[in-house]
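The values are calculated or read from the model by the stated rules, or taken from the named source; none is laboratory data. Note that the coordinates shown come from a computational prediction; the quantities given were computed from them, not determined experimentally. For neighbour counting, all protein chains shown are included, and Cβ atoms are generated from backbone atoms with ideal geometry for every residue, glycine included. We work out accessible area using only protein heavy atoms, side chains counted, and drop any ligands, DNA or RNA first. Shrake-Rupley method; radii C 1.70, N 1.55, O 1.52, S 1.80 Å.
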Amino acid sequence: MVKYAHLIPLFPFLAFAINILFGRKLKRSSAIISVAASSISLFLAALTFLGNLKGEGSYVIAKWLSFNGIPLNFGVTVDPLSCMMLLVVTIVGTLIQVYSIGYMGEDKRFSRFFAYMSLFMGSMLGLVLADNFVILYIFWEGVGLCSYFLISFWFERPAAAKAGMKAFITTRIGDTGLLIGILLLFFTTKTLYFKDLSGLSGDNTIFTIAALLIFCGAIGKSAQFPLHVWLPDAMEGPTPVSALIHAATMVAAGVYLVARAYGIFVMNQIPLIAVAYIGAITALMAASIALVNNDIKRILAYSTISQLGLMMVGLGAGAYSAGTFHLMTHAFFKALLFLCAGSVIHSIHIQDIQKMGGLFNKMKVTGTTFIIAGLAIAGVPPLAGFWSKDEILSELLKSGHPALFAIALATSLMTAFYMFRLIFLVLFGKPRSELHAHESPNVMTIPLSILAVFSIFIGFIGSPFMNHAFQNFIYFGDVHTMEVIEPNYFAMGLSTAVGLFGIGLAYLFYILNNKILSQTIRAKFSLLYDVLSNKYYSDEIYEFLFIKPCLRLADLSFKFDLGVIDGAVNGAARVTMAISRVKSWIDIHVVDFFVNLVAVLTGFTSLAVRRIHTGRVQNYLLIAFFGLVLIIVIKLIGG
């Protein structure tokens, strides 16, 4: 069953080719092709998962090329990590594409949208299956390209076009670090295969630098500080795109990269510390910004950044299974959150939560699933987010990271607060503007309901009730040993208390006091509020430190090019033109004069000679006689 794993990305790529070539004729049928392709990939992913459970694993498809005698093959990685990601990407991706049929409606580029979605899915699946850094990097760039296509899908809007460019350029910075890290690793170890990372030996300094450079790629793709600035602006794309990017594909790729290359990270504490503390800064910063934001999609975007930071904290603290467990559960409830937000936007065409309110009675399916997703991300038991967050907190306590534990706990508190601030302002209370809400069609609500079921139950596979099946399935290393995991009831209780406390605070601020208390607190902490509402002025700092200097440098380069380079070329052209004019004058006034003079003399000579040639023999004899006489006379005179 595993031997067909390489076909998993093939079907989305075929759907992309069909839709991009024949989309205008297919019209709405293009959605059926994309969904069918994704469904086939899901079926093959399930077969691959079952095959891996039976002991089947990675294999080589074909030899590709060779570097200095070192072969590089096309191969696929089939192990617990890749199987988990294959199932997550195909399940969430298929549901999002079904949802998109209703959301995109009569969009004029309907078929192109589904072509890009299929290309995105295929690229992510190829990335997951890659067995070496070169193949991974090819699909890694494919994912980045697709994000550009989809974020700027409505490119006629200036904000969307700018957001797509911002995402593309920002992630390129991280990708450059990743490429350098791959090259450094290859020239040091002569291998590019993930399976060889755990057995490497040599200079730890080189491996540390390579790990940090590889982490740069993850920082860009997973929107970690300081390359997090592109993700909130990515909300300019259609909401299903936001769900796919934030749940199962692009941002998950960075966390997956760290987990896949974990063998080189654990060789030294420095890369792990960098991963953990970059993740901690990201989690805390993004969660605090989400507290004051009023755009429904941007709140969820900052929530994604924060949760990705938590995953990095887990991986950096050595909690490999906890970090990957949260990666899986987060994909389901974050996709659900974005699709619920999309359902609200599709209904009332507003994104400002301060203008909403009272939508629950008119959108009960959307409202119910929204609340389920909110409870899951807030870490309320027994929903999915509780088990994965609790696992990270427990591992932080066990491994002796009190500072990271405190940051993760503070992030959990803020997550519960801002998520239920969002839910209370959108679904409850009185409408704060004229709203004509209606429930979304079944093609949108059915995926919501399915994702809600996953958000409730998927976490149980990592719980004590199922003997921590997930943790025992997804292991790091060559030898699989069953772990004996003792539940940490202190962490579980503290995590639950913090989540419920955050929800209670949001209820107190936005339901009981009808925003009066929150406005009072905002007035007292106006400076902090301004800092958070301006996103720590990160865009302004980037503008000052990087963008404006680059623009000034570009302006100077333009002037140098125009004045010096073009000046030299234009000067040479002017000299050439001047020489040409002088030559032309000489040709006209001197050369032509002598030519005409010669022509006149030649004409006179020709006329004189023509008269001599009469055609009569007697005349020629007479001329010859006088010529002979002349020669004799000259000879006699000359002696």
What are the residues in segment 583-597 that are among the aliphatic types (A, V, I, L, M) and either touching a Leu at 6+ places or on another chain (Cβ under 7 Å) or open to solvent by 90 Å² or more (accessible area, probe 1.4 Å) (or both), if any?
I588
Scanning segment 66-86 residue by residue, those within 14 Å of Y193 (Cα to Cα) and either in a strand (DSSP E or B) or out of contact with any helix residue (DSSP H, G or I) (no Cβ under 8 Å at 6 or more places or on another chain) (or both) turn out to be S66, F67, I70, P71, L72, N73, F74, G75, V76
Report yes if some residue within segment 157-175 is assigned to a loop (DSSP other than H, G, I, E, B) and either free of Cβ contacts under 8 Å to residues at least 40 places away in the same chain or over 13 Å from the mean Cα position of the chain (by Cα) (or both); otherwise report no.
yes
Checking L125 against (1) touching a Phe, Trp or Tyr at 6+ places or on another chain (Cβ under 7 Å); (2) part of a helix (DSSP H, G or I); (3) farther than 18 Å from Y262 by Cα: exactly one of these is not met. Which one?
(1)
Kindly indicate whether any position in segment 343-355 is within 27 Å of the chain's Cα centre (by Cα), of a type in the set (G, A, S) and at pLDDT below 95.
yes
Within segment 13-31, tally of residues that are hydrophobic (A, V, I, L, M, F, W, C) and within 15 Å of E106 (Cα to Cα)
2
Tell me yes or no: at least one residue of segment 318-325 is farther than 19 Å from F424 by Cβ and without any contact (Cβ under 8 Å) to a residue 60 or more places away in the chain.
no
From the list S321, S303, S388, S343, pick out the single residue that is open to solvent by 10 Å² or more (accessible area, probe 1.4 Å), assigned to a helix (DSSP H, G or I), at negative phi and not aromatic (F, W, Y).
S321
Restricting segment 104-138 to residues that are open to solvent by 30 Å² or more (accessible area, probe 1.4 Å), in contact (Cβ under 8 Å) with a residue 40 or more places away in the chain and under 17 Å from the mean Cα position of the chain (by Cα), the residue that is farthest from K190 (Cα to Cα)
Y116
Just wondering, is there one or more residues in segment 443-456 that are free of Cβ contacts under 8 Å to residues at least 24 places away in the same chain and of a type outside the set (G, A, S)?
yes
State whether the residues of segment 207-214 include one that is closer than 25 Å to H330 by Cβ, of a type in the set (V, I, T) and in contact with a Ser or Thr (Cβ under 7 Å, 6 or more places away or on another chain).
no
